[in-house]
Amino acid sequence: MTGAHRAPPRTHRPEDHRSRRAGWIRAMVLGANDGLLSTGALLLGVAAAGASTDALLTAGVAALVAGALSMGLGEYVSVSSQLDVERADRVLEENEIELHPDAETRELRSIYVARGLTPELAAEVADALMAHDPVTAHMRDELGHTEEQRARPLQAALSSTASFAIGALVPLLVAVVVRGDARVPAVAVAAIAGMVVLGGVSSALGGAPMWRGALRVGLGGSLALAATFVVGSLFGTAVG
């Protein structure tokens, strides 16, 4: 029909796969949860022992700084080790492809046949990939290493350091602001609430039901906080 307006064709947007976020999500969740739990538990134990506000502030700040730096360094060392393994595998594949190209091509063919391709199509795909970028093909299809999931030590270290500090600030600020008998329950509630929210958010980012992560982190953290409070109470009674 002349003059009629046709709707423009819809463009296909690439999927936002959660696996691309796996590295920094894991580091962020681990750091924030550790900051909430370790600092909250420490403050509960110290408060239960009858410490003053100044002592709480000193202990909390020390826990935040030491914990954040320790978490960041630990993540960097751990993920760097993973990156070293990936690099070693890449060097190994490069050497094998250079020394035994035919055997490596047959290996790719067998992988594609096992995944459902016909022998003819598997041979065609393997030959094409070996001619284009054989190392990447073997790293991806033989070993499961992809660019999206590559180990990134600095990213993991920065994510965990920042998230630990943010998590630790929650119970620390509550412990400093709230005074008297309300301090201990306020710190406990703040830490547990923070862990529940964190668990729900991390599950949502990973594509899982929010309640699952919230329940998992909330219950585990509550048990740890309760144990630390009991120890602090017993120690304070014994010292007193």
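Listed values, structure above:
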read-out	value
Subset tally (residues that are under 12 Å from V79 (Cα atoms) and among the β-branched types (V, I, T)) for the stretch 150-180	0
Within the stretch 159-184, tally of residues that are in a helix (DSSP H, G or I), at pLDDT below 90 and either surrounded by fewer than 18 Cβ atoms within 10 Å (Cβ to Cβ) or out of contact with any helix residue (DSSP H, G or I) (no Cβ under 7 Å at 6 or more places or on another chain) (or both)	5
Verdict on H138 being surrounded by 13 or more Cβ atoms within 10 Å (Cβ to Cβ) and of a type outside the set (F, W, Y)	yes
Residue in the stretch 73-84 that is out of contact with any Lys or Arg (no Cβ under 9 Å at 6 or more places or on another chain), open to solvent by 90 Å² or more (accessible area, probe 1.4 Å), in contact (Cβ under 8 Å) with a residue 60 or more places away in the chain and not in a helix (DSSP H, G or I) present	no
Residue ID - modelled with the lowest pLDDT, chosen from residues in the stretch 20-50 that are basic (K, R) and under 14 Å from S203 (Cα atoms)	R21
Pair list, Cβ < 6 Å and 6+ apart or interchain, from the stretch 92-113 residues that are open to solvent by less than 60 Å² (accessible area, probe 1.4 Å) to residues that are at pLDDT below 90 and not in a helix (DSSP H, G or I)	none
Near pairs, Cβ below 8 angstrom, 6+ apart or cross-chain, from the stretch 205-223 (within 18 Å of M28 (Cα to Cα) and among the basic types (K, R)) to any residue that is part of a loop (DSSP other than H, G, I, E, B) and open to solvent by 40 Å² or more (accessible area, probe 1.4 Å)	none
Output for the stretch 56-72, where each listed residue is open to solvent by 40 Å² or more (accessible area, probe 1.4 Å) and of a type in the set (G, A, S)	A62, A66, S70
Residue in the stretch 187-221 that is farthest from A51 (Cα to Cα), counting only those that are at pLDDT 85 or above and open to solvent by 30 Å² or more (accessible area, probe 1.4 Å)	L215
Among (1) within 29 Å of the chain's Cα centre (by Cα); (2) closer than 21 Å to A182 by Cβ - the single one S52 does not satisfy	(1)
Matching residues, the stretch 180-198, being touching a residue at least 60 places away in the same chain (Cβ under 8 Å) and more than 23 Å from V230 (Cβ to Cβ)	L198
Answer residue from the stretch 114-128, given it is among the hydrophobic types (A, V, I, L, M, F, W, C) and within 17 Å of M139 (Cβ to Cβ) and is surrounded by the fewest Cβ atoms within 10 Å (Cβ to Cβ) among those	A128
Which numbered condition R150 misses (of (1) of a type outside the set (S, T, Y); (2) open to solvent by 60 Å² or more (accessible area, probe 1.4 Å); (3) in a helix (DSSP H, G or I); (4) touching an Asp or Glu at 6+ places or on another chain (Cβ under 9 Å))	(3)
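The values are calculated or read from the model by the stated rules, or taken from the named source; none is laboratory data. Not measured: the values here are computed from a predicted model. With ideal geometry, Cβ positions are generated from the backbone for all residues, glycine too; neighbour counts draw on all protein chains shown. The protein model used for the area step is the full one, side chains on, heavy atoms only, and it has no ligands, DNA or RNA in it. Shrake-Rupley method; radii C 1.70, N 1.55, O 1.52, S 1.80 Å.
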